[in-house]
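Taking it in order: structure first as structure tokens, then the write-up.
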Amino acid sequence: MNFSRSMVLVSSDPESVRRGADEIYALFEKEIAARDMEGEISISRLTDTGRPDAAPIVVIYPEAVVYGPVNAENVKEIVEEHLYKGRVAEHLLAPTRELSGRIGWLKTRKGTLPAEKRIVLRRAGRIDPENIEEYIAEDGYQALAKALTGMKATEVIDVLKESGLQGRGGAGFPTGLKWSFVAGTQSEKKYVVCNADESEPGTFKDRVILEGDPLAIIEAMTIAGYAVGADEGFVYVRGEYKLAQNRLENAVKQAREYGLLGKNIMDTAFSFDIHIHSGAGAYICGEETALLESIEGKRGEPRSRPPYPTTEGLWGKPTLVNNVETLANVPPILLNGGQWYRQFGTPSSPGTKVYTILGNVNFTGLIEVPMGITLREVVNIYGQGMKDGATFKLAQTGGSSGSVIPASLQDTPMDFESFRKAGVSLGSGALLICDENTCVVDLALVLQKFFKFESCGKCTPCRVGTGRIHEILTGIVEGRGTLKDMENLDYLVDSLTRISNCGLGQTASVPINDVLKYFRPELEAHIKLGVCPCGVCPMSAPVKEPAAVA
Amino acid sequence: MPVVKSLDDLKRIREEALQKRQIKTSPGHTQIVVGMGTPGIAAGARETIKAILDYIENNKLENIVVRQTGNIGRDSYEPIVQVIVGDAETVTYGKVTPEAASEIMEKHVKGGSVVRAYIIPA
Ligand SMILES: Cc1cc2nc3c(=O)[nH]c(=O)nc-3n(C[C@H](O)[C@H](O)[C@H](O)COP(=O)(O)O)c2cc1C
Ligand code: SF4
């Protein structure tokens, strides 16, 4: 991958183009080339800056400096002063406008580096995932060696606590604390389980780690075993991830051959071994207690809690359950220290986060960035703008049970704390970006269909509620909606959230709740006016084929 | 089979692995790395790697290591192929169809000049 020292973004919304943005873009290319800096500086386009008054805008990272309005004559100066000599051309800066909600972000984030920072994915896509030597060549097993030869189990946990690492499986529970719960429970037998079920639609970050760097998970689980006092581990891999399963099997085999799994690892008293367990395709088996049931060979239904898995997990023994990405953070933290980790991200949510970007943007794929970057940055910088110049309407974070985030919240820093304050959730890291042609009611309907199908049926609010919400939404998109439906939706959302047994039911109503909160007028248009403003929903019940006339 | 019994063992294996890698990146050696994660394979990386191997065989090229790696996260550009000639910097190509692969082999690996058209923008 090409790493550039600076990133130049030139706005390309229609207004900027009208005022000569294309010419400016070309001039930047020319001026940068004239100084032989092509290899160090990348140029790309930025859309929807929300600042027509300052268009065309030029943003330069990593300093996050905003110039505007920029004209052709300014380009040479910006290149000369800023990019060549490293001084900000103060008099060309865009006037900052506070509290417009839109570009204030650039001011506040000045100096922080949004460039991709790879900790979790540092080896994925570079090493051969089927060769343990390549893993070892790139710092592999250094962290385990450090722990086994020089640290007490409690010291390992202390480093994790100090790092502030939070679970990346969706809920964001502090990892060090969870480890200390398991470590603190007395038992002859304990287990470490890696949750690699990843069945949240649109999420594939764990798969990239499992396929690209499987030994990182094996090493992290071994460290976890040492820290909490377990001698056996399971990786529960989503059934569809055949390639990941094969690579994990291979990784376990090689680790055993090298004596890095098995009895008396590195000549110490510590023994640990790992089994790979395939799921069978149920979404609910990603929920940690359903997952444990499934490993035990039972039907994948969530247990009632308490007791939590940390005290009574697999076969009734204390069990540590962690997500793949969470575990992948452990070895680098142990090697470099908790304080090192805290330099990334925000004070309340340290570290990086892996996001999968999908939907109506020009670039889809995977990024690992510090916690706390904003949706706008994701869309405009990493997503390289909306496809076909469309307008950003909403994003759904974290897969099907994630929040539906309207454009007005796109400058909220994406970290656990800020999202909680804004009343939305970060979820697992899928970012579905939708443009103006997306109908929110249609989106909600698709999601509800998923929940209705995946509800395990153990408890009534979820079994019946998900079906009822789906039914009501179907009525609305077919033009049979009534105002009573809105009331019923409010009621269903409330009951699902409050009295479902597990996270599936509790969060199944998140998207529809957000639609009711942020997109009520659009929903009402379907009901009161009988129109779908985006022209997506049929708004009439499917007509039955008339019987053929004999 | 080297069994890791101590920190020194680990260090030794690491140094040996790094040495092996050093040989691969010395002048006269070329590495071709094909992204074989799920998105790569779905986009046709198997055909691509086959085209590369065929080219090497048909043209009797030597000192080339072709290996696989996981997904690097730029899914819109799969299949992705990285070419490292000697100690030069890695060149990352995207949307490498079998035809593109042959072209890259011809011009870059054999001919020594980078094929700009397929380079992934940073
Ligand atoms: C319906 C449902 C599905 C879930 N699916 C996953 C999943 O696929 N992968 C995952 O890591 N966590 C999933 N979770 C969260 C887990 O229950 C659990 O919180 C997580 O594995 C804890 O790991 P962490 O502390 O490392 O985040 C799911 C939760 C629910 C309620
Ligand atoms: S909330 Fe839904 S998925 Fe969870 S136990 Fe109840 S029925 Fe099953």
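The values are calculated or read from the model by the stated rules, or taken from the named source; none is laboratory data. None of these values were measured; they are calculated from a predicted model. Here the Cβ positions follow ideal geometry from the backbone for every residue, glycine too, while neighbour counts run over all protein chains shown. Heavy atoms of the whole protein, side chains included, go into the accessibility calculation; ligands, DNA and RNA do not. Shrake-Rupley method; radii C 1.70, N 1.55, O 1.52, S 1.80 Å.
For chain A, the cysteines with no partner cysteine C-beta closer than 4.7 Å are A:194, A:285, A:434, A:456, A:459, A:462, A:502.
Annotation: amide H-H contacts under 5 Å for residue A:394 (H modelled 1.01 Å from N, sequence separation of 5 or more, or interchain): A:434. Among the residues of A:239-251, the average count of other protein chain beta-carbon atoms within 10 Å of the residue beta-carbon is 1.
By definition, a body whose alpha carbon gyration tensor gives a ≥ b ≥ c is oblate when a/c is 1.5 or more and a/b is not larger than b/c, and segment A:277-403 fits this oblate description. Solvent exposure of chain A amounts to 39 Å² per residue of accessible area, where only protein heavy atoms count and the probe is 1.4 Å. Ranked by the mean number of other Cβ atoms within 10 Å per residue, highest first, peptides A:294-306, A:325-337 order as A:325-337, A:294-306. Less than 5 angstrom separates the built amide H of residue B:43 from none of the residues sequence-distant by 5 or more or on a different chain. Over segment A:174-246, the hull volume per residue, using the convex hull of the C-alpha atoms, is 100 Å³. For segment A:307-388, what is the charge dipole size about the Cα centre, in debye to the nearest 20, if Lys and Arg each add +1 at the Cβ and Asp and Glu each add -1 at the Cβ? Using Cβ point charges on Lys, Arg, Asp and Glu, segment A:307-388 gives about 100 debye. Across chain A, the mean sequence separation of Cα contacts (distance under 8 Å, 6 or more residues apart), normalised by length, yields a relative contact order of 12 percent. You can think of it this way: the chain between residue A:171 and residue A:72 has 30.8 nm of extra reach, that is 0.36 nm per residue less the Cα-Cα gap. Here the peptides B:74-82, A:497-505 are ranked by packing, the mean other Cβ count within 10 Å, and the order with the highest first is B:74-82, A:497-505. Taking amide H as placed 1.01 Å from N in the peptide plane, residue A:262 has its amide H under 5 Å from the amide H of A:272, A:273, each at least 5 places away in sequence or on another chain. Taking θ as phi - 60° and the Karplus parameters 6.51, -1.76 and 1.60, the scalar couplings of segment A:271-286 work out to 10, 7, 9, 10, 10, 9, 10, 8, x, 10, x, 9, 4, 4, 5, x Hz in sequence order, x denoting glycine and proline. Secondary structure note: in the protein assembly as shown, about 50% of the DSSP beta bridges are antiparallel. Only Lys, Arg, Asp and Glu carry charge here, each on its Cβ (+1 for the first two, -1 for the last two); on that basis the protein assembly as shown has a dipole of about 940 debye about its Cα centre.
Here the scattering of segment A:443-538 is modelled by Debye summation over its C-alpha atoms, one equal scatterer each and no solvent; at q = 0.12, 0.16, 0.23 Å⁻¹ the log10 of I(q)/I(0) is -0.34, -0.60, -1.14. Applied to segment B:100-106, the Karplus parametrisation 6.51 cos²θ - 1.76 cosθ + 1.60 on θ = phi - 60° returns per-residue 3J(HN,Hα) values of 4, 4, 5, 5, 5, 4, 5 Hz, with x for Gly and Pro. Projecting each Cα onto the charge dipole of the protein assembly as shown (Lys/Arg +1, Asp/Glu -1 at the beta carbon, about the Cα centre), which of A:533, B:32, A:441 comes out farthest on the positive side? The residue sitting most towards the positive pole is A:441.
Taken residue by residue and averaged, Cβ atoms of other chains lying within 10 Å of the Cβ of A:253-262 number 2. Straight-distance candidates among the aspartates and glutamates for linking to residue A:30, with alpha-carbon spacing under 20 Å and chain neighbours fewer than 8 residues away dropped: A:22, A:38, A:40, A:73, A:77, A:80, A:81. Using the Cβ-Cβ distance between residue B:99 and residue B:20 with R0 set to 30 Å, the FRET efficiency works out to roughly 0.40.
Of the residues making up segment B:1-22, those losing 40 Å² or more of accessible area when the isolated chain is joined by the remaining protein chains, with a 1.4 Å probe, are B:1, B:4, B:5, B:7, B:10, B:13, B:14, B:17, B:21.
Given contacts defined as C-alpha pairs under 8 Å and at least six residues apart, what's the relative contact order of segment A:352-435, whole-number percent? So the answer I get is 36 percent. Bridging of residue B:11 to lysines at a Cα separation below 17 Å is possible for A:146, B:20, once same-chain residues fewer than 8 apart are set aside. The shape of the protein assembly as shown can be summarised by an equivalent ellipsoid whose semi-axes, obtained from the alpha carbon gyration tensor, come to 39, 37, 25 Å from longest to shortest.
With the highest mean first, a sort of the peptides A:120-126, A:84-90, A:385-391 on other beta-carbon atoms found within 10 angstrom per residue produces A:120-126, A:385-391, A:84-90. Between the residues B:65, B:13, B:55, the greatest Cα displacement towards the positive end of the dipole of chain B, with unit charges on the Cβ of Lys, Arg, Asp and Glu, is found for B:13. Across peptide A:123-136, the average count of Cβ atoms from other chains found within 10 Å of a residue's Cβ is 6.
Rounded to the nearest 0.05, what FRET efficiency do residue A:181 and residue A:152 have when you use their Cβ-Cβ distance and R0 = 22 Å? Given R0 = 22 Å and the Cβ-Cβ separation, E is 0.80.
The shape of segment A:173-304 comes out oblate: with a ≥ b ≥ c from the C-alpha gyration tensor, a/c is at least 1.5 while a/b does not beat b/c. Ellipticity at 222 nm from helices only: DSSP H runs of n ≥ 4 in chain A, each -39500 (n - 2.57), divided by the residue count, give -11000 deg cm²/dmol. Taken as entire DSSP H runs, the helices of chain A that both span 24 Å or more between Cα atoms along their own long axis and average 0.0 or more on the Kyte-Doolittle scale are A:460-477.
Straight-line cross-link reach from residue B:107 at under 20 Å between alpha-carbon atoms covers these aspartates and glutamates, not counting any fewer than eight positions away in the same chain: B:47, B:54, B:57, B:62, B:87, B:89, B:99. For the residue pairs A:85/B:95; A:161/A:263; A:205/A:517; A:178/A:298, alpha carbon separations beyond 31 Å are given by A:85/B:95. Of the solvent-accessible surface of chain A, computed with a 1.4 Å probe and all protein chains present, 52% belongs to carbon and sulfur.
For segment A:352-435, report the translational diffusion coefficient in µm²/s to the nearest whole number, using Stokes-Einstein at 37 °C, 0.692 mPa s, and a Kirkwood Rh over Cα pairs. Translational diffusion coefficient: 268 µm²/s.
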